[in-house]
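Here's the structure we're looking at; comments come further down.
The values are calculated or read from the model by the stated rules, or taken from the named source; none is laboratory data. Since the structure is predicted, the reported quantities are computational estimates derived from the model, not experimental observations. Reconstructed Cβ throughout: ideal geometry from the backbone, glycine too, with neighbour counts over all protein chains shown. The protein model used for the area step is the full one, side chains on, heavy atoms only, and it has no ligands, DNA or RNA in it. Shrake-Rupley method; radii C 1.70, N 1.55, O 1.52, S 1.80 Å.
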Amino acid sequence: MTQPHEYPDFRIENRLGGSAWVEAVTANPADPYNHVNAPPSALPADREEAFFGAGALRFAKTIGNKLARNYDQLPHVKDQPFALAIADFQAPASMIWSREGLIGYLYGEGAEEVEIDGRMFAHPTKASHLKGKARFPAGLFADAGHAELSAVIFSNACSMAKLNRVAVSGQGAPSGLRYMRIGNFFDRTPGALRGIPFCLDVTSDEYRNLWPIGSEPWSAEIEVFHNPFAHHPLPFELLPEATHWFDQDGETVCRSFYETSILWSQTLIQNDTDPPPTLEQLMSKCPKA
């Protein structure tokens with residue numbers, strides 16, 4: 001990764017995937033808030049709101065502002081892959097629930113739960129516009145209208161907690177402290193729409209063995225959403241440890257490097273003399289997502 005020009009922010013390359021340009025941006029709140037002490041924001045009221053509501057609209061406006069700058073036409077970028085890396089700070093703890101809004105905006109697709117033969121399954125939904133009076137178009141990657149954008153790179157863990165966990169899972173917790181991670185694993189069961197709850201000590205073997213390197217890697221939560229109409233597609237090999245979302249025979253599918261994928265999480269730091277929390281205790285205080 002280098003920064004040879006003022007714009008875009010980065011040039012990334014490796015010997016297997018060639019190179020690409022990446023502009024980094026954050027989805028910010030309409031009204032500033034204290035990132036340290038603010039109480040968590042409310043979850044979307046339903047799945048339609050999650051995929052096509054206010055969160056999706058904030059992503060749409062952020063991405064639209066960057067595309068209007070025409071970075072892809074700069075002489076050093078022209079005719080090469082160009083991607084946006086977006087981090088979400090639009091509301092307190094919004095990384096817990098905003099991922100669906102990015103998917104809804106980029107592909108104009110969502111999902112709802114339907115019951116079939118007594119079992120719940122995910123059923124695809126589609127939208128041409130996001131919710132709200134503005135009627136902002138959904139589906140940035142649904143046609144060739146923005147073929148200059150190769151992909152959007154996203155992580156639901158752009159946080160201080162991530163910086164702490166990587167070090168703690170590899171080297172151990174500071175004396176006197178315990179680090180617990182709670183959240184939802186991605187359920188790979190066909191048709192599943194809800195995640196699998198977990199609560200694990202970041203220094204435990206059970207947690208460390210979720211990844212082949214024996215500790216939490218930096219790349220664990222990175223997702224790359226590919227534009228199927230891109231003039232210059234972003235090579236998968238350029239970000240080999242990411243989860244890649246792409247078009248396959250007209251269907252949006254994902255391919256993960258790690259067997260373990262985490263849909264959302266929170267990190268709790270305790271004194272090691274305190275009783276370890278149970279999954280039931282922590283999940284009762286966390287979003288039902």
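Residues are listed down the side, and each one gets a yes or a no for (1) charged (D, E, K, R); (2) at pLDDT 95 or above; (3) touching a Gly at 6+ places or on another chain (Cβ under 7 Å):
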{"position": "217", "(1), (2), (3)": "no, yes, no"}
{"position": "226", "(1), (2), (3)": "no, yes, no"}
{"position": "229", "(1), (2), (3)": "no, yes, no"}
{"position": "232", "(1), (2), (3)": "no, yes, no"}
{"position": "242", "(1), (2), (3)": "no, yes, no"}
{"position": "255", "(1), (2), (3)": "yes, no, no"}
{"position": "260", "(1), (2), (3)": "no, no, no"}
**Fill in**
Across (1) open to solvent by 70 Å² or more (accessible area, probe 1.4 Å); (2) farther than 25 Å from residue 246 by Cβ; (3) in contact (Cβ under 8 Å) with a residue 24 or more places away in the chain, residue 48 clears everything bar (2)
**Prompt:** For region 180-190, what are the residues that are surrounded by 14 or more Cβ atoms within 10 Å (Cβ to Cβ) and assigned to a loop (DSSP other than H, G, I, E, B)?
**Reply:** 186, 187
**Message:** I need a count of the residues in region 214-229 that are open to solvent by less than 20 Å² (accessible area, probe 1.4 Å) and either within 12 Å of residue 106 (Cβ to Cβ) or not in a loop (DSSP other than H, G, I, E, B) (or both).
**Reply:** 5
**Item:** Positions within region 128-161 being open to solvent by 30 Å² or more (accessible area, probe 1.4 Å) and part of a loop (DSSP other than H, G, I, E, B), in sequence order
**Value:** 128, 131, 132, 133, 134, 135, 136, 142, 143, 148, 158, 159
**Selection count, region 14-24, where residues are buried (at least 16 other Cβ atoms within 10 Å of the Cβ) and at pLDDT 95 or above** = 4
**Item:** Candidate set from region 69-123 (those that are polar (S, T, N, Q) and part of a loop (DSSP other than H, G, I, E, B)); member that is least open to solvent (accessible area, probe 1.4 Å)
**Value:** 98
**Asked** Which pairs do you get when a residue that is within 16 Å of residue 237 (Cβ to Cβ), found in region 17-33, comes within reach of a residue that is part of a loop (DSSP other than H, G, I, E, B) and of a type outside the set (Gly, Ala, Ser), reach meaning Cβ atoms under 7 angstrom, with the pair 6+ apart or on two chains?
**Response** 17/235; 18/235; 19/80; 20/80; 20/81; 20/234; 22/8; 22/9
